[in-house]
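So the structure is just underneath, and the comments pick up after that.
The values are calculated or read from the model by the stated rules, or taken from the named source; none is laboratory data. Predicted model, so just to flag it, every value in this text is computed and none were measured. Note that we place each Cβ from the backbone using ideal geometry, even for glycine, and neighbour counts take in every protein chain shown.
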Amino acid sequence: MKELALHLLDLVENSAKAGASCISVAVHEDLGSDVLSFSVKDDGCGMDAEFLERVRDPFTTSKPKVTGLGIPFLCQAAEQAGGFVDIASVVDKGTTVHAVWKHSHWDRAPLGQMAETVTAFFAMPCRIVFDHRIVDQTGAAVWQLELDSHDFGGTPLDAGTLAALKEFLDVQYQEGRKWVNQ
Amino acid sequence: MQLKELAQELDLVEVVAPPDSTIEVSGGYVSDLLSDVMGRAAPNCIWVTGQSHPNVVAVAVLTDIAGIIIANGIMPDPDTIKKAKQQGVGLYSTTAAAYTVVGQLFRLGVGGCAS
């Protein structure tokens, strides 16, 4: 996938499909330690140990033949850019996926269309808690975006609110991307 | 052109033999972006890539690709070789650059096959 935002959307869609009632999404960019990370935590149906072991394998997903390549592609994207993916899951409790990249790695795909992607999260029928922060070389938090669907009166948001949110995010991300190279 | 003729002409190293090397190659595609290959490569084509991850085999199976050429002297990961054997996907490697491989294929009459 060309953009990391598509991987993030895929993770959040997985959580929604797992029947989550609340999904916490964190994007952290730490330019001092040169790390970009995604963390997606849900309270969905979770995976058992056996499935968890197979989830990175492109040939053993829940569907016939091959499909559900989201996690294998994410692993590849992270590993080819000095990173890794950690997945923790408990049946009936939920799943946490943590993906890490070396921020400055040449083969790290750009973050991409975050405003669209984050707007799409809030069109989902569960509570979304979103946090994106950028920490500069000196360790100072220079930009942060915190959104909780509870503050909008719950999800899914209506079309008008979603459009307003998209506009807000466009402005925020235009500001935020000034702190990083892309 | 048949897969085996093509492998011979390009002097490819056959890492994993295809189940049927007499298969007629429909055309060629070159890309390192797997989602792009899934969306655009045509069935029975030969795919030239610099990627060596096991995911390439999954993409080849999904897209019914006749064979994978891993170019630029990159060796496929051991797990990629294992998956290709399990799934019956022809896997070749070459020290030639992807650009050169594509040029040779074109000269042999294997055209582009983007769908």
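Each row is one residue, and each column tells you yes or no for (1) of a type outside the set (A, V, I, L, M, F, W, C); (2) under 16 Å from A:Leu11 (Cβ atoms); (3) modelled with pLDDT under 95.
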position: A:Lys102; (1), (2), (3): yes, no, no
position: A:Phe121; (1), (2), (3): no, yes, no
position: A:Thr138; (1), (2), (3): yes, no, yes
position: A:His150; (1), (2), (3): yes, no, yes
position: A:Asp158; (1), (2), (3): yes, no, yes
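Which numbered condition in (1) more than 14 Å from chain B (Cβ to nearest Cβ); (2) surrounded by fewer than 17 Cβ atoms within 10 Å (Cβ to Cβ) is the only one that A:Ala20 fails? It fails just one condition, (2).
Checked against (1) surrounded by fewer than 24 Cβ atoms within 10 Å (Cβ to Cβ); (2) away from every other protein chain (no Cβ under 12 Å); (3) within 19 Å of A:Pro72 (Cα to Cα), B:Pro43 meets all criteria but (3). When A:Gly83 is tested against (1) surrounded by 15 or more Cβ atoms within 10 Å (Cβ to Cβ); (2) under 30 Å from A:Asp151 (Cα atoms), exactly one condition is not met: (2).
Test B:Glu5 against the stated conditions and say whether it is in contact (Cβ under 8 Å) with a residue 60 or more places away in the chain and either in a loop (DSSP other than H, G, I, E, B) or away from every other protein chain (no Cβ under 14 Å) (or both).
When the stated conditions are applied, B:Glu5 does not pass them.
Scanning region A:140-182 for residues that are part of a helix (DSSP H, G or I) and surrounded by fewer than 10 Cβ atoms within 10 Å (Cβ to Cβ) yields A:Asp151, A:Ala159, A:Gly160.
Taken residue by residue, region B:74-83 has at least one member that is in contact (Cβ under 8 Å) with a residue 60 or more places away in the chain and part of a helix (DSSP H, G or I). Those strands (runs of 3 or more DSSP E) of region A:46-139 in which 1 or more residues are of a type in the set (D, E, K, R) and in contact with a Lys or Arg (Cβ under 9 Å, 6 or more places away or on another chain) occupy A:94-102. Only one of the listed residues (A:Asp43, A:Asp107) is within 14 Å of another protein chain (Cβ to nearest Cβ) and at pLDDT 90 or above. That residue is A:Asp107.
Residues considered: B:Val48, B:Val89, B:Val101. Of these, the only one that is more than 14 Å from chain A (Cβ to nearest Cβ), farther than 27 Å from A:Glu3 by Cα and crowded, with 18+ Cβ neighbours inside 10 Å is B:Val101. Annotation: of all residues in region B:8-28 being within 12 Å of B:Thr94 (Cβ to Cβ) and either without any contact (Cβ under 8 Å) to a residue 12 or more places away in the chain or not aliphatic (A, V, I, L, M) (or both), the one that is surrounded by the most Cβ atoms within 10 Å (Cβ to Cβ) is B:Glu14. For region A:4-17, the set of residues classified as more than 14 Å from A:Cys75 (Cα to Cα) and either away from chain B (no Cβ under 14 Å) or touching a Leu at 6+ places or on another chain (Cβ under 8 Å) (or both) consists of A:Ala5, A:Val12, A:Glu13, A:Asn14, A:Ser15, A:Ala16, A:Lys17, listed by residue number. Taking the listed residues A:Val85, A:Val55, the one that is among the aliphatic types (A, V, I, L, M), within 30 Å of B:Asp64 (Cβ to Cβ) and modelled with pLDDT under 95 is A:Val55, with no other qualifying.
Each row is one residue, and each column tells you yes or no for (1) more than 28 Å from A:Gly153 (Cα to Cα); (2) of a type in the set (D, E, K, R); (3) more than 13 Å from the chain's Cα centre (by Cα).
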site: A:Val97; (1), (2), (3): no, no, no
site: A:His105; (1), (2), (3): yes, no, yes
site: A:Leu111; (1), (2), (3): yes, no, no
site: A:Met114; (1), (2), (3): no, no, no
site: A:Thr119; (1), (2), (3): no, no, no
site: A:Cys126; (1), (2), (3): no, no, yes
site: A:Val129; (1), (2), (3): no, no, no
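Applying a threshold of 6 Å to beta carbon distances and a minimum spacing of six or more residues, or different chains, the list of pairs starting in region A:76-89 at a residue that is within 11 Å of chain B (Cβ to nearest Cβ) and ending at one that is among the hydrophobic types (A, V, I, L, M, F, W, C) and surrounded by 20 or more Cβ atoms within 10 Å (Cβ to Cβ) is empty.
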